1. Do you know which residues across the range A:147-180 are assigned to a loop (DSSP other than H, G, I, E, B), under 15 Å from the mean Cα position of the chain (by Cα) and at pLDDT 95 or above?
2. Only one of A:R368, A:R359, A:R414, A:R425 is in contact with a Gly (Cβ under 7 Å, 6 or more places away or on another chain), modelled with pLDDT of 95 or more and not aliphatic (A, V, I, L, M); which?
3. Of the residues A:Y278, A:Y270, which is touching an Asp or Glu at 6+ places or on another chain (Cβ under 9 Å) and away from RNA strand B (no atom under 14 Å from the Cβ)?
4. Taking the criterion of being modelled with pLDDT of 90 or more, within 16 Å of RNA strand B (Cβ to nearest atom) and among the charged types (D, E, K, R), would at least one residue in the range A:238-261 satisfy it?
5. Filter the range A:48-65 for residues that are over 22 Å from the mean Cα position of the chain (by Cα) and without any contact (Cβ under 8 Å) to a residue 60 or more places away in the chain; which is farthest from A:R221 (Cα to Cα)?
6. Determine which member of the set A:A215, A:A257, A:A237, A:A265 is touching a helix residue (DSSP H, G or I) at 6+ places or on another chain (Cβ under 9 Å), hydrophobic (A, V, I, L, M, F, W, C) and within 26 Å of A:L332 (Cβ to Cβ).
7. Looking at the range A:337-345, is at least one residue within 13 Å of RNA strand B (Cβ to nearest atom) and either touching a residue at least 12 places away in the same chain (Cβ under 8 Å) or assigned to a helix (DSSP H, G or I) (or both)?
8. Evaluate the range A:126-135: report whether one residue or more is within 30 Å of A:V233 (Cβ to Cβ), crowded, with 20+ Cβ neighbours inside 10 Å and in the same structural domain as A:L92 (by TED's automatic domain parsing).
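The values are calculated or read from the model by the stated rules, or taken from the named source; none is laboratory data. If you're wondering where the values come from, they're calculated on a predicted model, not measured in any experiment. In this analysis, Cβ positions are derived from the backbone assuming ideal geometry, glycine residues included, and neighbour counts consider all displayed protein chains.
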Amino acid sequence: MAINAPEGTRDLLPDEALFWSRFKQTAAEVFGAYGYLPIETPIMEQTELFVRGIGEATDVVSKEMFTAISGENLRRWVEEGKAPKAKSRLSLRPEGTAGVVRAVVQHDLVPQGAAPAKLMYAGPMFRAERPQKGRQRQFNQVGVECLGAEEPTIDAEAIIMLMRFYEKVGIPRDSMRLLLNSMGCEKCRPAYREKVRAYMDERADELCETCLTRAEVNPLRAFDCKNPQCASVMAEAPKITDHLCDECLEHYGAVKALLDGAGVAYEEDYKLVRGLDYYTRTVFEVQVDNGMGSQNAIGGGGRYDKLAEEVGGRPTPGLGFALGFERCVLALEAAGVQFPRAQKCDLFVACVDDSVRARAFALVQECRDAGFATEMDHQKRSLKSQFKLADKLGAARVAVLGPDELAEGVVTLRDMGTHTEAKVRLEEVVGELGRAIL
RNA sequence: GUGGGUGUGGCCUAGUUGGCUAAGGCGCCAGAUUGUGGCUCUGGAGAUCGUGGGUUCGAGUCCCAUCAUCCACCCCA
């Protein structure tokens, strides 16, 4: 019985794996221009970090984490019946922010009064959800986090650079929708949340069951209920933007003004309520409709001014976003964007017969050492087959080496594009390739 | 966690009301006279029809179970 990849996981085969590394490289270039530097945090963290950081009540934490118990604790659990302490449980990261903030706190990357720390990461995240289109149990994200500054310019530049990145990787701007909202802060949100709860209680008989529980646990989440009846009820609910405190209103206004100034179009969406508890003030999401199934957000993020404190650090405002690689691939495919070819081959060395293989092998090595992608046949195929192979590899040139050439100390160098051939001395092949590139 | 769909060579599919050696396309390999590609033509290799039971003279085709996968709910990137 063949074993396949675990449910909800996927292999990135060469073409896509190559695209993934280019994707990351593009991110490093674009975000690097805004001062973001790479950080690599562990793929697993203590479960406690996610519980405290993301919020115990969120779905991501309460039912979507892959949690393991380390060996010693497992032994004690089995042998002594002692349940493992939460502190010694490990979870695969369901998102990137918590780990980065933990690292920032742990290494004090934002000393008091310092300039903000701008960090970016790329790698796999894990959520034990039921897979569907655009949703896997292991998926790749690229994200950024900026800690230590609460000014709206941070929010605006992050959003601008996110949109620049999408365009750079080839997602057409007109296929994307940028949604913007403010979630308020610790001063104004609790009061607003109670207003919404009271409103929902008034109209409880018109709401679906899940919204009734939402009213208890997190009323704001009811805003993105897909039930049409709930939607129409919630459309008349008090809007957060009408209940922001002066500071939040000013912050939100400043972010919008900066985006306007940069010519970045957005839609204000009072229904945009993100599912992670740590968000405050600015939240945003980028959606694509074409080809996305029901998972249509290719990226999203927001401000989280209380998160550092939640995980035990000093008060440190923060803002970040994450974007999903696989979802971007879906968006690109729907937009008809072609993936760059993975194959690159500068030279293919073809052997006319077996007597020249050793010299051909040496020539291939010389060319590779000089930095040229070079390939040869290893299976003793006919010359004709070797040409077919060279063509398939997309070789720019083929060097034919036979007994005749070997006797003369040359190679017949064929340009596969122009179909022209010339004799080149064996020791000058590398030089000739170099000239061809110029 | 809940619901629905699907599972045929590497990939995409055909397979009629169950009936002769499971078909086609792509891909792969080899040829089309003398040391050479992309097009075309010819030939070839490759499938225990997801797995395990059952019904039947006989099942890829029906039933049950199981696994995998997809889509949707939910949630999010």
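1. None - no residue of the range A:147-180 is assigned to a loop (DSSP other than H, G, I, E, B), under 15 Å from the mean Cα position of the chain (by Cα) and at pLDDT 95 or above, so the list stays empty.
2. Working: A:R368 fails: in contact with a Gly (Cβ under 7 Å, 6 or more places away or on another chain); A:R359 fails: in contact with a Gly (Cβ under 7 Å, 6 or more places away or on another chain); A:R414 fails: in contact with a Gly (Cβ under 7 Å, 6 or more places away or on another chain).
None of the other options fit; the residue is A:R425.
3. Values: A:Y278 fails: away from RNA strand B (no atom under 14 Å from the Cβ).
It is A:Y270.
4. no
5. A:E48
6. On the way: A:A215 fails: within 26 Å of A:L332 (Cβ to Cβ); A:A257 fails: within 26 Å of A:L332 (Cβ to Cβ); A:A237 fails: within 26 Å of A:L332 (Cβ to Cβ).
So the residue among A:A215, A:A257, A:A237, A:A265 that is touching a helix residue (DSSP H, G or I) at 6+ places or on another chain (Cβ under 9 Å), hydrophobic (A, V, I, L, M, F, W, C) and within 26 Å of A:L332 (Cβ to Cβ) is A:A265.
7. Taking the range A:337-345 first, the residues within 13 Å of RNA strand B (Cβ to nearest atom) are A:343, A:345.
Restricting the remaining residues to those that are either touching a residue at least 12 places away in the same chain (Cβ under 8 Å) or assigned to a helix (DSSP H, G or I) (or both) gives A:343, A:345.
Looking through the range A:337-345, at least one residue is within 13 Å of RNA strand B (Cβ to nearest atom) and either touching a residue at least 12 places away in the same chain (Cβ under 8 Å) or assigned to a helix (DSSP H, G or I) (or both).
8. Of the residues in the range A:126-135, the ones within 30 Å of A:V233 (Cβ to Cβ) are A:127, A:129-130, A:132-135.
From what's left, crowded, with 20+ Cβ neighbours inside 10 Å: A:127, A:134.
Filter once more, keeping what is in the same structural domain as A:L92 (by TED's automatic domain parsing): A:127, A:134.
Within the range A:126-135, one or more residues are within 30 Å of A:V233 (Cβ to Cβ), crowded, with 20+ Cβ neighbours inside 10 Å and in the same structural domain as A:L92 (by TED's automatic domain parsing).
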